[in-house]
Amino acid sequence: MDELDEKDVRIMDILRGDSRRSTQSIATELDIPRVTVFDRIRRMQEKGLIRRFTVEMGADEMGWQLNAFILANWHGDRGLTDRREVANEICDHEFVKSCHIVTGQWDFVIEVVARDMEDLGDSILDRLSSIEGMGHTQTMVSFYNFEGPASWLASW
């Protein structure tokens, strides 16, 4: 972020709100030349500050009303298993938003979506538990989601 000046930050704010905005409309709003906006966006892409332009899908509108977090332990052979491969296998399931390998009591924190509690139960019992070596799990259903100032940053 140290490499960004005020114009870059304003361009990124506009694109975060609507990634489909044209360079001309951004230039008009910021009162700077269109080619300047284009060059700044391209430079931020080259530096990896802007990785992609995307569409944010509405989970609720698509029928995925329930959001939950699953804490999971690995009971497979720790010496022979790369937990990164297990995390990738976990992420192959359509209901998984993300899987983090973590320190502490648990090995994985898995963020999932489901249509309802029955769907969540089936996802855990029938699919997640079918991964060989998957151990004890604890599920926490999210009632509300609040985002902080850094929520727009892409995860690694």
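Mean Kyte-Doolittle of at least -1.0 plus a Cα span of 15 Å or more along the axis: flag which DSSP H helices in the chain meet both, please.
6-17, 34-46
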Per-pair calculated FRET efficiency, R0 = 41 Å: residue 105 and residue 9 via Cβ, rounded to 0.05: 0.55
Square roots of 5 times each gyration tensor eigenvalue, C-alpha, the chain, largest first, Å: 39, 19, 13
Under 5 Å, built H, 5+ apart or other chain: amide partners of residue 97: 111, 112, 113
Estimated 222 nm signal from helices in the chain, with DSSP H stretches of n ≥ 4 weighted -39500 (n - 2.57), rounded to 500: -8500 deg cm²/dmol
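Values quoted throughout were computed directly from the atomic coordinates according to the rules given, and no laboratory measurement underlies them. The structure presented is a predicted model; accordingly, all values stated were derived computationally and were not measured. For neighbour counting, all protein chains shown are included, and Cβ atoms are generated from backbone atoms with ideal geometry for every residue, glycine included.
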